[in-house]
1. Please report the relative contact order for region 390-461, taking Cα pairs under 8 Å with a sequence separation of at least 6, and give it as a percent rounded to a whole number.
2. Ranking request for peptides 312-320, 458-466: highest mean number of other beta-carbon atoms within 10 Å first, then the rest in descending order.
3. At 1.002 mPa s and 20 °C, plugging the Kirkwood radius over alpha-carbon pairs of the chain into Stokes-Einstein gives what diffusion coefficient in µm²/s?
4. Please check the chain for the longest run free of GluC sites (Glu not before Pro) that are loop-located per DSSP (anything but H, G, I, E, B) and have at most 10 other Cβ atoms within 10 Å.
5. Give the separation of the Cα centroids, region 98-126 to region 1-66, in Å.
6. Using a cut-off of 15 Å between beta-carbons, work out the net charge of the residues near His335 (Lys and Arg +1, Asp and Glu -1, His335 not included).
7. Of all beta bridges DSSP finds with both residues in the chain, what is the antiparallel percent, to the nearest 5?
8. Which entries of Lys88/Lys545; Lys88/Lys290; Lys576/Lys618; Lys88/Lys198; Lys56/Lys514 show an alpha-carbon separation above 22 angstrom in the structure shown?
Amino acid sequence: MEYPDRFQVIVIGGGHAGTEAALAAARSGARTLLLTHNIETLGQMSCNPAIGGIGKSHLVKEIDALGGAMAEATDLAGIQFRVLNSRKGPAVRATRAQADRVRYKAAIRGMLENQANLTLFQQGVDDLIVDNDTVTGVVTQTGIRFMADTVVLCTGTFLGGIIHVGLDHHAGGRAGDPPANALAQRLRALPFRVDRLKTGTPPRIDAKSVDFSRLEPQPGDTPLPVMSYLGSRDQHPRQVECHIAHTNERTHEIIFANLDRSPMYSGVIEGVGPRYCPSIEDKVHRFADKTSHQVFIEPEGLETHELYPNGISTSLPFDVQLQVVRSIVGLENAHITRPGYAIEYDFFDPRDLRHSLETKFIHNLYFAGQINGTTGYEEAGAQGLLAGLNAARRARGEDAWWPRRDEAYLGVLVDDLISMGTQEPYRMFTSRAEYRLLLREDNADLRLTEAGRRLGLVDDRRWQAFSTKRERIERENERLRTTWIQPGTPGAERLAEKLGQPLAREYNLMDLLKRPELGYADVASLKGEPVDDEPVAEQVQIEAKYAGYIARQQDEIERLKRHEATPLPEGLDYAKVEGLSHEIRQKLASARPATLGQAGRLSGVTPAAVSILLIHLKKRR
Ligand code: FAD
């Protein structure tokens, strides 16, 4: 049958990409349908119940700034919060939260159910309706046809999914869920480039069988970090400790002795696994000289005894998994509640996508999440938001939107994927961004909320909170710039002590804040009232301390923009341009772009490479 209502956007898949896609499309005003296998698994965390971490929290905060769900759900579900790299510079600082997986799912489901313009429907999708290279709808398992202007595919690890435990394998989308094989076949018949990737998860352990006295406790941070710009500490549920355990020589012996029973090492698995989140057998094999690896023992929630041993993802047979776990100090009597496994799945070459995440071959069809070769909830959520928004905009006849590389990690993510593709599961790192100091997790709201508001993604509550914060920052910056203190001003001696020398002349508070020895708390109350608002004070301090570097990065961006039209000589020998990688030299030599702007838009030619070209041109003159 054909469903009587027509939609503007259909999203397939209720994982992290799908839920953000559906919310963004609906928030921006499009009549949206979210179709998924099972409403109970909306927002399910397939692997570790943790959100954020290095490079990833930047994406979570960008999703948040654009009105998305992930950060707010994390504040409602987080049972341990930490700021990683807290002693390093603000560019690489990253918030990470261990979440209660049941609370996280409930928070996401609540947001979906309460979202205006959004309809949920539980059923697998088996087919796409394609008419003249344009998608016009989908067909479910039971033959219901839903028609729409646009379709966003967010099917995760489910396409052609095969689950491996040792040398046994069976079809599955993730443990306990069926694969999406009919849809996988349909997609393979379309002209997309398709390949296989794999990922894995560790066995889960019953906390009642663990001797915590032999593990090292790892508490969360105080004061408690918050993930969403609208969040507060009071929203967090009860906080708990994680623990640290270690593998040892015995663990590694067991793994080595059983490598022939690993589907990865016996050649049963063809897909490439995540380099930065390797299985324990991979780690032991690759770093054979290391006698121990850390294992973070993380709770899965407040109302469960299940633990997630982060660091021993594995596809070894169950009997070996049990030996591996029990060889670890503190886990000698551990009971495994669920075996670890690896999963292989289809992904589509993201070079077949546009910046909007629309596919190049089928109009009005968008791909987001693991289907594009990424790994991680955050990467999936960010793509989902962008694809859902652009699908809605297409349905309304509006132009696509995406942030540039110098505006957001989301811009870096999409640009990397569509220009370079990926040979292994792609995850975000701060090192992937050229303008790290501009793209911090603390300023994602300042970078993106205004665009989000214009795009219809940011509601009044968020806009109000953001506008107040921005105004306060501006007002405080102005106060610091115009408040002067003299050598005799009360409190100046305290400053002199910190500076190791007396104040030689009159300074304004902003100049003092730029001094490395002084913080906001030292200078702000010297004269007048400091702001009683942590994020505002933090922003004022970071902008002051890094003003020089930030200005330099901004200049570089402006410089590259100005040189868009600079011509590249026809006979330029790229082999002689020092500092370019071999791959980029080849690309430029074969494409022979006419201008620097054209060079920068070639797949894989980074802004850093364009800078090198610019310097080369200047030297030639
Ligand atoms: P998913 O979260 O997989 O969601 C897909 C959704 O689509 C599901 O709701 C599914 O039911 C639905 N669906 C699929 N096909 C259909 C269909 N035909 N019709 C209707 N609905 C459909 N990430 C890491 O960063 N580190 C890790 O160590 C890690 N390990 C992992 C281990 C395992 C075993 C798995 C399965 C995943 C792992 N991940 C890991 C990846 C992480 O779970 C994903 O990156 C993330 O969940 C991707 O989000 P997504 O929305 O693209 O897909």
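Since every read-out is calculated from the coordinates, none of them should be taken as a lab result. What you see is a predicted model; the values in this text were computed from it and never measured. Using ideal geometry, Cβ is built from the backbone for each residue, glycine included, and neighbour counts are taken over all protein chains shown.
1. 27 percent
2. Result, highest mean Cβ count within 10 Å first: 312-320, 458-466.
3. Once the numbers are plugged in, D ends up at 82 µm²/s.
4. So the longest stretch without any such site is 1-302.
5. 8 Å
6. Working: positive: Arg204, Lys208, Arg326, Arg338; negative: Asp206, Asp211, Glu300, Glu306, Asp319, Glu332.
Result for the local shell: -2.
7. Values: 54 of 76 bridges.
Percent antiparallel among DSSP bridges in the chain is about 70.
8. As for pairs spanning more than 22 Å Cα to Cα, those are Lys88/Lys290; Lys88/Lys198; Lys56/Lys514.
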